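Working notes, structure below.
The values are calculated or read from the model by the stated rules, or taken from the named source; none is laboratory data. Treat the numbers as computed from the prediction; the structure is a model and nothing was measured. Quick reminder, even Gly has a Cβ in these numbers, built from the backbone with ideal geometry, and neighbours come from all protein chains shown. Note: accessible area is taken over every heavy atom of the protein model, side chains too, but ligands, DNA and RNA are not part of it. Shrake-Rupley method; radii C 1.70, N 1.55, O 1.52, S 1.80 Å.
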Amino acid sequence: MSVVLYGAPSTASLVVHWLLIELEIEHRLQMLDFAAGEQRSPAYLALNPQGRVPTLVIGEQVLTESAAIAMHLADLYPDAGFAPAAGTPARGDYYRWVCFGVYTLMPAYRAWFYPDEPAGPAHTEVVRERARVQIEAAWHQVAAHLAVHGPYLLGRVPSTADFLLTMLMRWSRAMPRPSDSWPELAAFARRMKDRPAFQTACRREGIEDWL
């Protein structure tokens, strides 16, 4: 069965790319040129009407939304141990942290990077400042959790939630207070970034910062 990942460097497709390598899933990587508007081409919009990445095509199935794809991959390959068993307390914690990334961090990052979207060009500074406060508060919460329950979000072993949160940590690298300025998060990020699959994904995407 063919597997094709449509992505772009430094976007939400990184976590899916990383997991495909971690799980040793044979795939083809199709990087879109955002500057040329390839994400808005009719052919791509037929796959993903939102015109965003990632899109993962597994055989005839088309999957979108980075966190959903990441969780699905973890369930397809349970022997990797990246998702706790369904119905267990650990599974509930796993959902919690994945949703924390999706519902708390991702919208705040969207406001930081595209501040004109929610309130128009005249209010971009206010929007960015509020987003910055939200993002820093979120990372403070994660750091406090890791200090007590680490070294990973669910304890002793990494899960898909850790891969997602690592990608989101990287997005703050140029912000006034990057996520790895918290010692607990810096140590966490170092463990995750030292994984060979992360290094391979970054090399394939031409990412040279935050390694």
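When only the heavy atoms of the protein chains count and the probe is 1.4 Å, how do HIS145, HIS72 rank by accessible area, highest first?
On the way: HIS145 30, HIS72 60 Å².
Result, largest first: HIS72, HIS145.
Going by accessible area, probe 1.4 Å, with all protein chains left in place, what is the ranking of GLU65, GLU125, GLU24, largest first?
My answer, sorted largest first, is GLU24, GLU125, GLU65.
Any idea what the dipole of the chain comes to, in debye rounded to 20, about its Cα centre with Lys/Arg Cβ at +1 and Asp/Glu Cβ at -1?
Here the chain has a charge dipole of around 360 debye.
Taking the Cα centroid of the stretch 133-199 and of the stretch 35-49, what is the distance between the two, rounded to the nearest whole Å?
First find each Cα centre; the distance between them is then 32 Å.
Hey, could you get me the Stokes-Einstein D for the stretch 67-166, Kirkwood radius over alpha-carbon pairs, 10 °C and 1.306 mPa s, rounded to whole µm² s⁻¹? Intermediate results must be reported in sequence, preceding the final value.
Numbers: Rh = 14.8 Å.
For these conditions, the coefficient is 108 µm²/s.
Report the accessible area of THR64, computed with a 1.4 Å probe over the heavy atoms of all protein chains in place, in Å² rounded to the nearest 10.
Its heavy atoms expose roughly 50 Å² to the probe.
At 1.4 Å probe size, with no ligands or nucleic acids counted, give the accessible surface of MET106 in Å², nearest ten.
Near enough 40 Å² of accessible area.
So how do GLU208, GLU38 rank on accessible area, 1.4 Å probe, biggest first, that is with the largest at the start?
Working: GLU208 165, GLU38 75 Å².
Reading off the accessible areas and sorting them downward yields GLU208, GLU38.
Net charge near GLN50: determine it from the other residues with C-beta under 15 Å of the C-beta of GLN50, scoring Lys and Arg +1 and Asp and Glu -1.
Charge balance near GLN50 sits at 0.
Only Lys, Arg, Asp and Glu count, each charged at its Cβ (+1, +1, -1, -1), so figure out the dipole size of the stretch 100-202 about its Cα centre, rounded to 20 debye.
300 debye
Across the Cα atoms of the stretch 1-60, what radius of gyration and what greatest pairwise Cα-Cα distance (Dmax) are found, in Å?
11.3, 32
Along the stretch 181-188, what does the Karplus equation 6.51 cos²θ - 1.76 cosθ + 1.60 (θ = phi - 60°) give for ³J(HN,Hα), rounded to whole Hz, x for Gly and Pro?
Karplus values, whole Hz, x for Gly and Pro: 7, 7, x, 5, 6, 4, 5, 4.
Quick one: net charge of GLU136's neighbours, Cβ under 12 Å, K/R +1, D/E -1?
Details: positive: ARG130, ARG132, ARG177; negative: GLU129.
So the surrounding residues net to +2.
For the stretch 96-153, what does the alpha-carbon gyration tensor say about shape, rounded, prolate or oblate, given a ≥ b ≥ c as the root eigenvalues, a/c under 1.5 as rounded, and a/b over b/c as prolate?
Cα axes put the stretch 96-153 in the prolate bin.
Amide H neighbours of MET31 under 5 Å, counting only residues 5+ apart in sequence or on other chains, H built in-plane at 1.01 Å?
So MET31 has HN proximity to GLY7.
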